[in-house]
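**Q** The structure follows.
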Amino acid sequence: MRRAFTMVELIVVVIVMTVVAATIIPRFSGNEARAAEQEARNVKEFFSSVGARAVLTSQSLQVEYNSLTRQFVMKTARATSDPANFASEREWLPDPLLAPVKLEHVNVRTISADGLPGDVVNFLIELPVGRPRPALVVILGQSNTGETGAWRVELPPEGVEAIFAKTDPLDAAMPSTGTSQDLDASGMGDTPW
């Protein structure tokens, strides 16, 4: 006599497998969304560090995004030969105090400086000492094909803390942002504000 599975046993096994799959699959898809949001928060922390560094030091800075390396890097101008000689040649090098932010779970959708769109393939902006800093805005979207999350990171011109907000993933338009205005340059230096 051959022993075989009964129909009841097969149904029980299918039901158990369905319950297990229903509890495990959302956890895996949720991990991707959590990783993407954490990466967007890392970009926010990066821009906050850039803002604090721009306000607290007397160094010109550069912020660079390269789509090939998929990372944000802050660079500082450093002397290539004699650091004590201010007339010596300077080179833009990655800052050793701020680690680059590598993007694996999010894509850069748009970048702007003072409301002007930037190149998302290779974005580079200098933040010189003694001049107003532009408002920097980055829109990040989840990398997977079924995008469910998008985030907006903004570094205001006067602020040291970047602003982080969840945004609509279908909204590809650049959000409006306040831009810095030099009152002296516009002839309104004596005007109260």
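The values are calculated or read from the model by the stated rules, or taken from the named source; none is laboratory data. Note that the structure is predicted; figures quoted are calculated from it, not measured. FYI the Cβ positions are ideal-geometry reconstructions off the backbone, even for glycines, and counts take in every protein chain you see. To get the accessible areas, we keep the full protein, side chains included, count just its heavy atoms, and leave off ligands, DNA and RNA. Shrake-Rupley method; radii C 1.70, N 1.55, O 1.52, S 1.80 Å.
**Q** Filter the stretch 153-164 down to residues that are open to solvent by less than 40 Å² (accessible area, probe 1.4 Å) and in contact with a Lys or Arg (Cβ under 7 Å, 6 or more places away or on another chain) and give me whichever is modelled with the lowest pLDDT.
**A** PRO157
**Q** Could you run through the stretch 102-119 and say how many residues are outside any loop (DSSP other than H, G, I, E, B) and under 11 Å from ALA40 (Cβ atoms)?
**A** The number of residues fulfilling the criteria is 3.
**Q** Return the pairs, sorted by first residue and then second, in which the second residue is outside any helix (DSSP H, G or I) and polar (S, T, N, Q), the first residue lies in the stretch 42-53 and is touching a residue at least 24 places away in the same chain (Cβ under 8 Å) and on the phi < 0 side of the Ramachandran plot, the beta carbons are less than 9 Å apart, and the residues are 6+ apart or on different chains.
**A** Short answer, once both residue conditions are applied: ARG53/GLN59; ARG53/THR76.
**Q** Another question, if that's okay. Within the stretch 121-133, how many residues turn out to be open to solvent by 40 Å² or more (accessible area, probe 1.4 Å) and not in a loop (DSSP other than H, G, I, E, B)?
**A** Result for the stretch 121-133: 3.
**Q** Kindly evaluate MET188 against the criterion of being open to solvent by 70 Å² or more (accessible area, probe 1.4 Å) and at pLDDT below 90.
**A** yes
**Q** Kindly indicate the residue of the stretch 3-47 that is acidic (Asp, Glu) and modelled with pLDDT of 85 or more and also farthest from ARG152 (Cα to Cα) among those meeting that condition.
**A** GLU9
**Q** Exactly one condition in (1) assigned to a helix (DSSP H, G or I); (2) of a type outside the set (Asp, Glu); (3) more than 22 Å from HIS105 (Cα to Cα) is not met by GLN59; state its number.
**A** The number of the failed condition is (1).
**Q** Looking at the stretch 108-120, which of its residues are within 14 Å of GLY149 (Cα to Cα) and open to solvent by 50 Å² or more (accessible area, probe 1.4 Å)?
**A** ARG109
**Q** Which residue, of ALA52, ALA77, ALA22, ALA40, is open to solvent by less than 40 Å² (accessible area, probe 1.4 Å) and either of a type in the set (Val, Ile, Thr) or out of contact with any strand residue (DSSP E or B) (no Cβ under 7 Å at 6 or more places or on another chain) (or both)?
**A** None of the others qualify; the one that does is ALA52.
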